[in-house]
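K.L.:
Mind looking over this structure? Questions follow.
The values are calculated or read from the model by the stated rules, or taken from the named source; none is laboratory data. Worth saying up front: this structure is predicted, and the values here are computed from it rather than measured. Cβ placement follows ideal geometry from the backbone for every residue including glycine, while neighbour counts extend to all protein chains displayed. With ligands, DNA and RNA removed, areas are computed over all heavy atoms of the protein, side chains included. Shrake-Rupley method; radii C 1.70, N 1.55, O 1.52, S 1.80 Å.
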Amino acid sequence: MKWEGNRESDNVEDRRDSDGGGGGGFPVFGGRSIGVGTIVVALLGGWILGVNPLTILGLLSGGPPAQVQPQQVPAHKPPADDTMARFVSTVLADTEDVWGDIFRKGGGTYQQPRLVLFRGSTPTACGTGQSAMGPFYCPADRKVYIDLSFYQTLKNQLGAPGDFAQAYVIAHEVGHHVQNLLGISEKVDQMRGRVSQVEYNHLSVRLELQADCFAGVWAHHAQNARQILEQGDVEEAMNAAAKIGDDALQRAGGGAVVPDSFTHGTSAQRQRWFQTGLQTGSVKSCDTFSTRTL
């Protein structure tokens with residue numbers, strides 16, 4: 001991926017030298033945890049604790065919405081010589097440019113999210129965020145949170161290496177921010193308790209697949225504007241999408257594949273919707289809620 005020398009975002013908070021300030025114990029999110037990391041912690045928790053990954057997924061994505069006022073922690077821009085921090089700052093800036101242009105052409109104004117780098121744990125408006133969750137987006141404070149050690153997990157434990165795979169992860173979380181701005185994620189959350197858990201899981205899958213599609217929309221426009229893609233980049237993102245499909249993770253966890261428990265979609269579905277966004281560059285093409293076939 002060609003990113004060196006491109007603009008870096010000013011919307012990056014570096015909390016990696018703080019003590020976390022969020023307390024210990026098992027992380028409890030107020031409201032729905034939406035992000036690639038949800039399935040990562042489910043898989044890793046299954047390995048480490050001997051717990052069914054589906055049980056952990058239910059704990060992370062269940063429970064009533066709540067607003068939590070985070071404690072203030074030191075935050076500053078990452079150091080200029082930190083290559084990985086520069087990379088995520090550059091990817092975030094690229095998503096700002098793409099979505100700013102899309103919203104502007106649609107007659108709106110894109111409100112940029114902030115991206116928080118942390119280690120271990122950190123307070124958020126959704127509760128205590130911990131590294132084991134992987135990257136996640138908190139709609140209550142409109143921030144994307146990431147412990148950069150996740151990228152080693154993505155490469156070494158999930159088998160999805162490559163810088164464009166890493167960019168895909170960020171673009172997916174920014175996709176959740178776009179859903180938040182458009183009121184889509186709120187509508188899904190409002191269905192909690194009104195429908196069965198199985199039906200709510202199906203809605204969650206549609207929400208996650210739409211975020212994958214939005215990640216593809218970003219890649220489409222970034223490529224047209226700045227030619228960021230190199231040979232093998234798309235394959236990296238497609239491989240990452242495959243490795244974090246619900247069916248792939250359930251197989252890797254040693255359990256049975258249970259479609260009614262899916263919250264993010266199968267590997268094939270995640271690949272298909274990322275590819276849809278990449279090929280069309282159209283937000284309208286990402287309407288996962290109206291289509292019968294995912």
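K.L.:
Identify all residues within the stretch 159-190 that are assigned to a loop (DSSP other than H, G, I, E, B) and surrounded by 23 or more Cβ atoms within 10 Å (Cβ to Cβ); write none if there are none. Lay out the reasoning, then the answer.
P.N.:
Restricting attention to the stretch 159-190, the residues satisfying the condition of being assigned to a loop (DSSP other than H, G, I, E, B) are 159-162, 183, 190.
Matches in the stretch 159-190: Ala160 only.
K.L.:
Counting only residues that are open to solvent by less than 10 Å² (accessible area, probe 1.4 Å), modelled with pLDDT of 90 or more and of a type in the set (A, V, I, L, M, F, W, C), which one in the stretch 126-142 is farthest from the chain's Cα centre (by Cα)?
P.N.:
Looking at residues that are open to solvent by less than 10 Å² (accessible area, probe 1.4 Å), modelled with pLDDT of 90 or more and of a type in the set (A, V, I, L, M, F, W, C), I get Cys126.
K.L.:
Of the numbered conditions (1) in contact (Cβ under 8 Å) with a residue 60 or more places away in the chain; (2) crowded, with 23+ Cβ neighbours inside 10 Å, Tyr145 fails exactly one; give the number of that condition.
P.N.:
The failed condition is (1).
K.L.:
Looking at the stretch 80-102, which of its residues are open to solvent by less than 20 Å² (accessible area, probe 1.4 Å) and either touching a His at 6+ places or on another chain (Cβ under 6 Å) or within 28 Å of Asp17 (Cα to Cα) (or both)?
P.N.:
Ala85, Phe87, Val88, Ser89, Thr90, Val91, Leu92, Ala93, Asp94, Thr95, Glu96, Val98
K.L.:
Further question on the same structure: Does Thr276 satisfy being outside any loop (DSSP other than H, G, I, E, B), open to solvent by less than 40 Å² (accessible area, probe 1.4 Å) and either in contact with a strand residue (DSSP E or B) (Cβ under 8 Å, 6 or more places away or on another chain) or modelled with pLDDT of 90 or more (or both)?
P.N.:
Yes; evaluated as a whole, the condition is true for this residue.
K.L.:
Write out, first by first residue and then by second, each pair whose Cβ atoms fall under 9 Å of each other, whose residues are 6+ apart or on separate chains, and whose first residue, in the stretch 149-169, is within 9 Å of Met1 (Cβ to Cβ) while the second is of a type in the set (Asp, Glu) and open to solvent by less than 30 Å² (accessible area, probe 1.4 Å).
P.N.:
Gly162/Asp233; Asp163/Asp233; Phe164/Asp233; Ala167/Asp94; Ala167/Asp233
K.L.:
If you don't mind, there's one more thing I want to ask. Taking into account only those residues within the stretch 191-201 that are of a type outside the set (S, T, N, Q) and assigned to a helix (DSSP H, G or I), which is least open to solvent (accessible area, probe 1.4 Å)?
P.N.:
Step by step, filter the stretch 191-201, then rank; the result is Tyr200.
K.L.:
Going through Lys77, Lys105 one at a time, which residue ends up being open to solvent by 30 Å² or more (accessible area, probe 1.4 Å) and at pLDDT 90 or above?
P.N.:
Of Lys77, Lys105, the one residue that is open to solvent by 30 Å² or more (accessible area, probe 1.4 Å) and at pLDDT 90 or above is Lys105.
K.L.:
Return yes when Ala242 is of a type in the set (A, V, I, L, M), surrounded by fewer than 17 Cβ atoms within 10 Å (Cβ to Cβ) and in a helix (DSSP H, G or I) and no when it is not.
P.N.:
So Ala242 does not fit the description; no.
K.L.:
Another question about this same structure. Take the stretch 163-206 and flag every residue that is of a type in the set (D, E, K, R) and under 18 Å from Leu115 (Cα atoms).
P.N.:
Asp163, Glu173
K.L.:
Also, quick follow-up: Of all residues in the stretch 108-118, count the ones that are open to solvent by 40 Å² or more (accessible area, probe 1.4 Å) and under 17 Å from the mean Cα position of the chain (by Cα).
P.N.:
Matching residues across the stretch 108-118 total 2.
K.L.:
In this structure, does Leu182 turn out to be closer than 22 Å to Ser282 by Cβ and free of Cβ contacts under 8 Å to residues at least 40 places away in the same chain?
P.N.:
yes
K.L.:
Taking Gly265 and the conditions (1) open to solvent by less than 30 Å² (accessible area, probe 1.4 Å); (2) in a helix (DSSP H, G or I); (3) more than 26 Å from Arg7 (Cβ to Cβ); (4) not aliphatic (A, V, I, L, M), which numbered condition does it fall short on, given that it satisfies the others?
P.N.:
(2) is the only condition that Gly265 fails.
K.L.:
Among the residues of the stretch 223-231, is there at least one that is open to solvent by 30 Å² or more (accessible area, probe 1.4 Å), over 16 Å from Val169 (Cα atoms), in contact (Cβ under 8 Å) with a residue 24 or more places away in the chain and out of contact with any helix residue (DSSP H, G or I) (no Cβ under 9 Å at 6 or more places or on another chain)?
P.N.:
Yes, that holds for at least one residue.
K.L.:
For residues that are touching a Leu at 6+ places or on another chain (Cβ under 9 Å) and open to solvent by less than 40 Å² (accessible area, probe 1.4 Å), scanning just the stretch 202-212, find the one that is nearest to Gln111 (Cα to Cα).
P.N.:
Once the filter is applied, the top-ranked residue is Leu209.
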